[in-house]
1. Any chance you could get the radius of gyration and Dmax over the Cα atoms of the range B:26-107, in Å?
2. Run the helix sum for chain A: -39,500 (n - 2.57) per DSSP H stretch of 4+ residues, divided by residue count, reported at 222 nm to the nearest 500 deg cm²/dmol.
3. Once neighbouring chains are kept in place and the probe is 1.4 Å, which whole percent of the accessible area of the protein assembly as shown is contributed by carbon and sulfur?
4. Among DSSP beta bridges whose residues both lie in chain B, state the antiparallel percentage, nearest 5.
5. Would you work out the Kirkwood radius for chain A? I mean one over the mean of 1/r across all pairs of different Cα atoms, in Å.
6. Can you pull the one-decimal nm distance between simple spin-label points at B:VAL85 and B:SER139, each 7 Å off the Cα toward Cβ?
7. Normalise the Debye intensity by I(0) for chain B, one equal point scatterer per Cα, no solvent, then take log10 at q = 0.18, 0.22 Å⁻¹ and round to two decimals.
8. Relative to the longest principal axis of chain B, what angle (0 to 90°, nearest 10) does the C-alpha long axis of helix B:130-143 take?
Amino acid sequence: MSDAHAFIALDSAACTSCLVCARECPDWCIHIEQHSETLAGDGRPRTVKLLDSFVIDWSSCMFCGICIEVCPYDALSWAPKPVVAESTRAGLAYGISELADPKMDDEG
Amino acid sequence: MTAIDMTGLRGAGRTYAVTGRPGLHVSVANLGLACCAVEFGSAVTRGLLEPADPTLEPEMTVLVVSGTLTHRLTPALVEAWDAVVGPRVVLALGACATSGGPYWDSYAVVEGIDSVVPVASYVPGCPPRPEALVAAIVSLADAS
Ligand code: SF4
Ligand code: SF4
Ligand code: SF4
């Protein structure tokens, strides 16, 4: 049995910065920064959003899984890695690299 | 002046030790304010924590604050903290004690107990598992 709650992993390559998870989180503990870029192509120019930062602040997270359920792109998932206690509150705010799924790292 | 009976809230009343770690001279007190206190109780009933030996002098007391701190109850936290003698640290158990948790934007709730007392360990979860509580106590004791 794990001695800490499960972890919510972010697949940042799958995330489209749509903000659905941040809006649906009951505690507002997901913080996303993004910017738009316009790509020129053969057809009309396309505007895409790019992720600058994605933070889950475990200090208020309920581990309810709503963010995982609502993500339209399956970019969030439960992972068995525990979120351990920290000596500072800031240490509980995990960014993109800390939220990477350890399993995905193994798969390369 | 205050209508609150704080007798049951005093942290220094009953203390616990980590089961199976006699070398760890910590004494653990719980200030139970809301649902996270159930997990503290679970750590005791499941035998992860046991009543402290009153003849042993603890090297450190860990005051566990489990649950939601309202502005109204802030004096009880100050009183519990002041009642702990000797070396002492505070462990914030769960999201409410850490940041106000699901209630951080309520007018009644303190956005984290660290605005009232210094916190040495923040244990995430709503609630955290009893094992996470005990692991955090052990790392505090090992670090001291
Ligand atoms: S698990 Fe729940 S509380 Fe935590 S980030 Fe996701 S939606 Fe928010
Ligand atoms: S809902 Fe999914 S795709 Fe949208 S911002 Fe959140 S993680 Fe990214
Ligand atoms: S963190 Fe969750 S379980 Fe703990 S006291 Fe707050 S609401 Fe209750």
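The values are calculated or read from the model by the stated rules, or taken from the named source; none is laboratory data. Note that the structure is a prediction, hence the values are computed from the model and not measured. Positions of Cβ are generated from backbone atoms using ideal geometry, with glycine treated the same way; all protein chains shown enter the neighbour counts. For accessibility, only protein heavy atoms count, side chains too; no ligands or nucleic acids. Shrake-Rupley method; radii C 1.70, N 1.55, O 1.52, S 1.80 Å.
1. Expressed in Å, the Cα Rg and Dmax of the range B:26-107 come to 13.5, 44.
2. On the way: 3 runs with 16 residues, N = 108.
Helix contribution divided over all residues of chain A: -3000 deg cm²/dmol.
3. Numbers: 6990 of 12820 Å².
Ligands and nucleic acids excluded, carbon and sulfur reach 55 percent.
4. Working: 6 of 22 bridges.
Bridges in chain B that DSSP calls antiparallel: roughly 25 percent.
5. On the way: mean 1/r = 0.0670 Å⁻¹.
Radius from the Kirkwood sum: 14.9 Å.
6. A separation of 3.2 nm, rounded to one decimal place.
7. Scattering profile of chain B, log10 relative to I(0): -0.97, -1.44.
8. 70
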